[in-house]
Amino acid sequence: MTTSEDESAETSLEALLRPYRETSNAQITALWNEFAAAHPESAFPSTKTMRRNARLFLAGKRYRYAIALAGYRLLTGESPSRGLERAGTWLEWYHLYTLFLDDIMDEDVRRRTLPSAWSTNAKLYRGPDADRPAVAFRTRRHRYGISQAILDALRIRSLAEHAIEGAGDLHPSVRLELLSELTAVDVVLSDGQGLDIDFERMAKVPEEAYVRMSEAKTARLYLGAAATAAIAARASSEDRFALEAYARHFAIAFQDRDDLLGTGVVPSQIGGSSEGDIRQGKRTRLYVLALERLPLKDRAAFLRAYGRGPQTTKRDIAMVRELLRRHVRSEMESRIDANLTAAKQALSRLSAKDPEARSLLEALLDVQRVRVR
């Protein structure tokens with residue numbers, strides 16, 4: 001694609017996505033206001049943490065929510081009910097819950113261009129060592145901030161359940177299936193996160209193991225979005241399988257594009273640093289392919305520069321990016337294309353009962369080749 005075609009693809013997606021984001025944010029705001037009214041702030045800092053982090057609630061792309069509601073429209077040709085608009089936010093609440101925990105495990109101090117929950121909560125600490133820098137678990141101040149972020153994450157997960165339970169116009173059996181889907185996500189996603197942590201200590205990660213982790217960690221919640229559409233639509237097993245195949249292949253392509261952006265191998269406007277994956281030594285597919293494809297001499301230089309944390313230099317960053325661009329980028333883009341093609345094939349098996357919904361689902365695929373944020 002040319003630059004103008006790239007911009008056109010992103011503009012087209014934004015126009016299609018905007019109504020879903022606005023609906024999602026309106027429902028999230030309503031749920032948050034219900035929670036805040038039932039849990040008033042007091043003099044105790046622990047009652048302030050959710051309010052301090054509320055800016056994070058309305059950030060994000062809302063891809064999962066859009067797949068759930070557009071998928072429902074595609075399967076039925078009908079507009080989602082108010083109850084489904086509310087229930088579908090379980091995907092965003094649950095994703096936020098995982099991000100709160102991810103930031104703790106990774107000691108990330110920023111999320112979606114904003115301070116992460118645990119680093120924000122740490123500022124509420126009033127102990128005698130409150131002026132020391134915040135490092136996870138190394139001071140009482142940071143133990144406090146992280147502990148409160150874990151509690152906030154649990155509150156947020158409860159809001160995911162509450163979003164479904166309060167969807168009064170959905171049949172009770174639909175609400176029960178959605179709650180079962182949420183529970184199923186718990187086990188698989190936590191297994192994926194566990195593998196991700198295991199990989200941090202491994203010099204070499206087999207690609208099949210990386211794919212297993214990515215499908216469990218990233219793809220499972222996107223499968224939950226497709227399942228939400230299929231459950232609400234009372235879809236056939238064939239239609240549900242096709243929509244879930246679309247979501248799985250989309251999610252893998254999305255994650256691979258994110259990995260290109262997270263290293264700055266392609267132009268990046270992501271909310272965090274495009275150097276972060278290199279500094280932290282993230283075991284992404286880029287890393288996995290680099291160890292397979294780099295010549296021996298280059299591989300040694302790559303490993304010396306990758307994952308040095310605060311000791312990482314600009315020269316390290318530049319060298320790693322150049323090696324990835326020269327030896328790995330084309331293969332990554334080939335993997336992305338393959339998954340996007342498979343997603344389109346899955347989508348083609350579904351009848352177009354709502355052409356606009358299909359346009360959105362296709363636009364989500366097209367933009368993964370050019371996305372910069």
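No lab work stands behind these numbers, since they all come straight from the coordinates. Remember, it's a predicted structure, so these values are computed and weren't measured experimentally. Here Cβ is always computed from backbone atoms with ideal geometry, including for glycine, and neighbour counts include all displayed protein chains.
Label zone (Glu207, point 7 Å along Cα-to-C-beta; backbone nitrogen cut-off 17 Å) within the range 329-373: 329-342. Stretching Ser359 away from Ser81 to a fully extended chain increases their span by 98.0 nm, per 0.36 nm per residue minus the current alpha-carbon distance.
For the chain, what is the charge dipole size about the Cα centre, in debye to the nearest 20, if Lys and Arg each add +1 at the Cβ and Asp and Glu each add -1 at the Cβ?
Numbers: 57 positive and 51 negative charges, 269 e Å.
With Lys and Arg at +1 and Asp and Glu at -1, about 1300 debye.
Taking every Cα-Cα distance in the range 258-349 and sorting them into 10 Å bins starting at zero, the pair-distance distribution P(r) comes out as 17, 47, 25, 9, 3, 0 percent.
Each label was represented as a point 7 Å from its Cα along the Cα-to-Cβ direction; for Arg293 and Gln269 these points are 2.7 nm apart.
Note the per residue figure in Å³ for the convex hull of the C-alpha positions in the range 303-368.
Working: hull volume 7.7 nm³, N = 66.
Given the Cα convex hull of the range 303-368, per-residue volume reads 116 Å³.
Fewest neighbouring Cβ atoms within 10 Å first, the residues His327, His95 line up as His327, His95.
Hey, got a sec? Which trypsin sites (Lys or Arg not before Pro) in the range 36-136 land in a DSSP loop and have at most 14 other Cβ atoms within 10 Å? Mind dumping the intermediate values first?
Numbers: sites: Lys48, Arg51, Arg52, Arg55, Lys61, Arg62, Arg64, Arg73, Arg82, Arg86, Arg110, Arg111, Arg112, Lys123, Arg126; in loops: Lys48, Lys61, Arg62, Arg112, Lys123, Arg126.
Passing both the DSSP loop test and the Cβ count: Lys123, Arg126.
Close amide H partners of Leu114, meaning residues 5 or more places away or on another chain with modelled amide H under 5 Å apart, do not exist here.
Tell me, Trp32, Trp93 in order of fewest to most beta-carbon neighbours within 10 Å?
On the way: Trp32 18, Trp93 23.
Fewest to most other Cβ atoms nearby, the residues stand as Trp32, Trp93.
Along its three principal directions, the equivalent ellipsoid of the range 160-252 from the Cα gyration tensor extends over semi-axes of 30, 16, 8 Å, largest first. In terms of its Cα atoms, the chain spans 60, 55, 37 Å along the principal axes, sorted from long to short. Per residue, the convex hull spanned by the alpha carbons of the range 61-219 comes to 138 Å³.
In the chain, once you exclude exposed GluC sites (Glu not before Pro) (DSSP loop, at most 15 other Cβ within 10 angstrom), what's the longest stretch remaining? Excluding the exposed sites themselves, the longest stretch runs over 201-373. Run the simple label-point estimate for Leu58 and Glu322 please: 7 Å along Cα→C-beta, distance reported in nm. Rounded to a tenth, the inter-label distance reads 4.5 nm.
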